[in-house]
1. Ranked from highest to lowest mean number of other Cβ atoms within 10 Å per residue, what is the order of the peptides 143-152, 271-280?
2. Past 20 Å, Cα to Cα: identify those pairs from LYS302/LYS330; LYS251/LYS285; LYS218/LYS306; LYS266/LYS302, in the order given.
3. Ranked from highest to lowest mean number of other Cβ atoms within 10 Å per residue, what is the order of the peptides 197-203, 35-41?
4. Stretched out fully, how many nm does the piece from GLN116 to GLN304 gain, at 0.36 nm a residue minus the Cα gap?
5. Compute the relative contact order of the range 39-197 as a whole-number percentage, counting only Cα pairs closer than 8 Å that sit 6 or more residues apart in sequence.
6. Just to confirm my numbers, what's the Cα centroid distance between the range 276-342 and the range 171-228 in Å?
Amino acid sequence: MEYLKERMDIEQQFLAYDRTYWEDVWGSRIGRCGRFMDTTILSPMQFTHYTPGGIHSPAAVAGTTLQIYSVKIKDLRGLNWPLRVYGVIAARDTVDHNRNILFSRSEFNYQELNEQDPYLCLTGPSRAIVVSGHIDFEVELQVTDGAQSQTLISCRERYGSTDAFFSSLASVTDGGDGRTFLLSNQSCTTEVTLDQLDRSLQATIMGVRVNEGPWPFKYGCRVVCSWSSAAPICSNDTTCRQVVLFDHRGKGMRRGSDGYLHLSRKVISIESYGTLRVSIESYGKSGRHIARKDSIHFPVQKCQTKTLTCPVGDGGATEEVTVAWSLLVKEKVYLSLVDCPM
């Protein structure tokens, strides 16, 4: 416990220093990255409009990215389940040095976590997290009981740093559930499950909707994505780990305008070959098991969009999924350079 308190003091001192440094360097007229709290405005579809073979922008690359699978709260110290959690989790890469929001909720829109389901409902990243240097994870979470709030965790950790100071603070492990990145304080541990993908690009799930037939999700559904080097058959290795885009269990799942599902997440990182599988899983009456699973397989592209359909449910309904593909932005400054044939 003393170690955690000492570590928190060190981190708070670093946060104050690092913010000043960021504002002096990246917030300057030379850095031109805006303000410290600004969020990234780069689009995950930056190069979607290009045609195959015609992407000549010096800013467009297939590079190394982080795929975030989940974030959970564990190892409570001095607190009890359930927790009503709100706040922000963000990642900063060196593309534009701005915040890429993974989770964001106000006090009036808290998420209740319990010991059986301690996972935060992620809404990001809003674009791929590019590993061309270190990645800073910032966690500012609070808990509320309706009358008052208190800090659950407030810290910043650096992923991919070769600096001895940051390496000593960071905790990265590789296990059966994938690579985990731990952020801890005296109250809890925040566990980020992720993978580092080489030669990757970004895919945006623009829409998932029921465009024909009756509403097939009487007891809710889940939408997940996974990648396979060959597909459509998925093995048990890490290439098929799932990214949850939408999860609603039980009755009361509303049909959106024109049959669209309101996805929690839309952007994923994916290696630049193979197949992206989008699966729509219909829950059974209990809400605990999957009664039916329907999948659509998209060959990976570097640009443009693709729309495919598949039957879903037992009543003759059809599901339509649209995916937009784009290469990564190497660095924001490169976008100001004129495209030229290569």
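1. The densest-packed peptide leads the list: 271-280, 143-152.
2. Where the Cα-Cα span goes over 20 Å, the pairs concerned are LYS218/LYS306.
3. Packing order, densest peptide first, comes out as 197-203, 35-41.
4. Here the answer is 63.6 nm.
5. Relative contact order comes out at 27 percent.
6. If we compute the Cα centre of each part, the gap is 13 Å.
Every read-out reported here was derived from the displayed coordinates using simple, explicitly stated rules and does not represent laboratory data. All of these numbers come straight from a predicted model, not from anything done at the bench. Neighbour counts run over all protein chains shown; Cβ positions are idealised from the backbone, glycine included.
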